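The numbers here are math on the coordinates, done by the rules we state, and not lab data. Every value quoted in this text rests on a predicted model; they were computed, and no experiment measured them. Methodologically, a virtual Cβ is constructed for each residue, glycine included, from the backbone with ideal geometry; neighbour enumeration extends over all protein chains shown.
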C-alpha cells in the first residue's frame, strides 16, 4: 500500500502534537517584497519529518516537508523558491510575494511519533519607493500665496517627516499644518514668507525596514528678478534636428521680466521667454555643442541678471537600418555558417548592440563580430541559434533596431516515450513520443515489431485496453531535412481489473482531509479502521 501524502500525514499527527513556541523566535518577522527571508529555528531538532505550512487567514497551505533523506516541496506554489535547512529546520523563501504575509507553522515529528509545533507571523512589506514631492503652485508670490505640498510614496506601514534643509519641519504655528495619510503627507503653509523657504524642502518616507528621501524641492519667490534659470537646466549633450525642443528662461520677478538670449556670449536676435529649436538650428546646426545663457531684466528695479549657461548641440538622426542574413540553402546545425550584416543610413553611428531573442548576444569562439561590430559571423551553427537576432544602432540622439529570424535545422538525436507502463483491462492508454527536432519530426509506431499504419503521429491512444495490447511499442522520429532518425521503446502490460488498485483515490483522500478538519478524532479513527479491515487485492 502506498504511503499517505505529506498533507494527510501531517493531519494525522496533529492529534498528538504539542505547542513549543521556543522552537521559533517571537514574531512578527518583517521582510521586503521581492527579496528573501529565513525563518530561523532556535534549536537543532532531532526529527523524522519537519513540516512547514502557511496560513493566510483563510486556508492552510503545505510549503515543504524535510525528511532525513531529502526535501519535498509544494511545487505548485513554491517551486525553486523554498529550502529547509537539514540541520536546523530553518525555512528560507525567495522572491517574496505580497500575498505571502501570514502565519508560518513548523511541525517536528520525532521517531517516536510525538510532535512539536510552533508558529510565527511574517509580514511582507512593499519597499519604500518613488518618494516625491508635488506642489499646488508653479509660482509662489510672497504673502499672497498658500502653498500645499504633498509628499507621496509607495510602501507598507509608512511614516513621513518633513525637513527644511537638515532641520525637521513641524506644524508649530497657525500658518503651518501637516496632515498624514496612508501613503502621503500634506504640508500646508498659509501666507508664505520668504523665510519659510530659505532652504530646500525634502520629505522622508520610512517603515521598519528602510527609509527613502525625496529629491530636494525648491521654490523661488517673485521679486527681483532673481534666480534666473534656463529650463531644462541640464539638457542632453545633443538633440535631434527637426524636432520641437526648446529652451525656456525663467526668473523670480515682479513684474514679469523681459528676456534676451546669448550663444557663446554673442547676443541673438530673439527676445522671447522661449528659444525654439528652429532658432537654435539657425545658429548651431551641425556644429559642436555651445553654451547658451539668458538675461532677465526688470524695468521697475533696473536689475539685469544673467542665467547659468547650458550646453547643447544638434545632431542628425539615424533614419533607417538594414539587417541582412543568409538565404538559399537550409541551415544545418554543425555544418552551416551564417553572416548577419547591419547597416544604417542618416546620422552617424556611435554604438552597435546585438541581441538574440531579446537577450544580450553570448559571444563565443564560434560567434564573432567584425567591421566595427556591424558584421556577425556564426560558424558553425548550432540548434540554439534558432530564433530572432536583432541589431541596434545608436548615436547621441536616436537609435534604430532591425530583427531577422533564423531557422537552423537539427535532430532528432534522441527520442523518448512517456505513458503508462501498466494498465487494467478496459482502461484508456496514451503513449506520447517526443524528439527535439527542427523542423518538427515525423513519427511512426510499431507494436511487437509490426507497423501501426494509422499511428503516424506523436501520440498513440487506445480507448479500452485488452490483454493483447501488452507488448513492446516503438516510436520512430525522423527529420527529412537532416536525414536523421531516432527511436524509443516502451513496454506496456495490460492486467486484470483491480490488479493495480493501490489504495485510496485522490477523491477519497480529499474526503478524508475534509473529515479531519470537521472532526479530527473521528476521522483518524475511521481511517485507521478502514486501513485495518479492507484487504488490498494482489496485482498478481
15 Å reach of a label modelled at residue 135, 7 Å along Cα-to-Cβ, counting backbone N of the range 174-202:
187-202
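How long is the gain from residue 188 to residue 414 if the chain were fully straight, where each residue apart is worth 0.36 nm and the alpha carbon distance is subtracted? Intermediate results must be reported in sequence, preceding the final value.
Values: separation 226, 0.36 × 226 = 81.36 nm, distance 7.28 nm.
Gain on extension, residue 188 to residue 414, equals 74.1 nm.
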Taking 0.36 nm per residue of sequence separation and subtracting the Cα-Cα distance, how much length would be gained by fully extending the chain between residue 175 and residue 491, in nm to one decimal?
105.0 nm
Return 154, 468 ranked ascending by Cβ neighbour count within 10 Å, so the fewest neighbours appear first.
468, 154
Compute the separation of the alpha-carbon centres of the range 260-303 and the range 169-242 and state it in Å as a whole number.
28 Å
Shape of the range 416-495 from its Cα gyration tensor (a ≥ b ≥ c, root eigenvalues): rounded if a/c is under 1.5, otherwise prolate when a/b > b/c, or oblate?
prolate
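Please tell me the relative contact order of the range 189-305 in percent, rounded to the nearest whole number, where contacts are Cα pairs under 8 Å and at least six residues apart.
It comes to 24 percent, rounded to a whole number.
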Shape metrics for the chain, restricted to C-alpha atoms - Rg then Dmax, Å:
36.7, 111
Contact order relative to length of the chain, as percent, for alpha carbon pairs under 8 angstrom and 6 or more apart
8 percent
If you line up the long axis of helix 506-518 against the longest principal axis of the chain, both from Cα atoms, how many degrees apart are they, to the nearest 10?
70 degrees
If the chain between residue 114 and residue 327 were fully extended at 0.36 nm per residue, the gain over the current Cα-Cα distance would be 69.6 nm
Say each of residue 370 and residue 472 gets a label point 7 Å from the Cα, pointing the same way as Cα to Cβ; how far apart are those two points in nm?
5.2 nm
Can you tell me the orientation of helix 520-533 relative to the chain, as the angle in degrees between its alpha-carbon axis and the longest Cα principal axis, to the nearest 10?
30 degrees
In nm, spacing of pseudo-spin labels at residue 44 and residue 377 (7 Å Cα→C-beta vector):
5.9 nm
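For the range 289-437, what is one quarter of the convex hull surface built on the Cα atoms, given in nm²? Don't jump to the answer; show the numbers that get you there.
Numbers: hull surface 78.6 nm².
Averaging across all directions leaves 19.7 nm² for the Cα convex hull.
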Computed [θ] at 222 nm, helices only, for the chain once each DSSP H run of length n ≥ 4 contributes -39500 (n - 2.57)
-2500 deg cm²/dmol
Two-site label geometry, residue 339 and residue 76: point separation in nm, points 7 Å out along Cα→Cβ:
5.6 nm
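Once the Cβ-Cβ distance between residue 452 and residue 208 is put in as r, and R0 is 60 Å, what FRET efficiency do you end up with, to the nearest 0.05?
Numbers: r = 66 Å, r/R0 = 1.11.
Efficiency computed from Cβ-Cβ geometry: 0.35.
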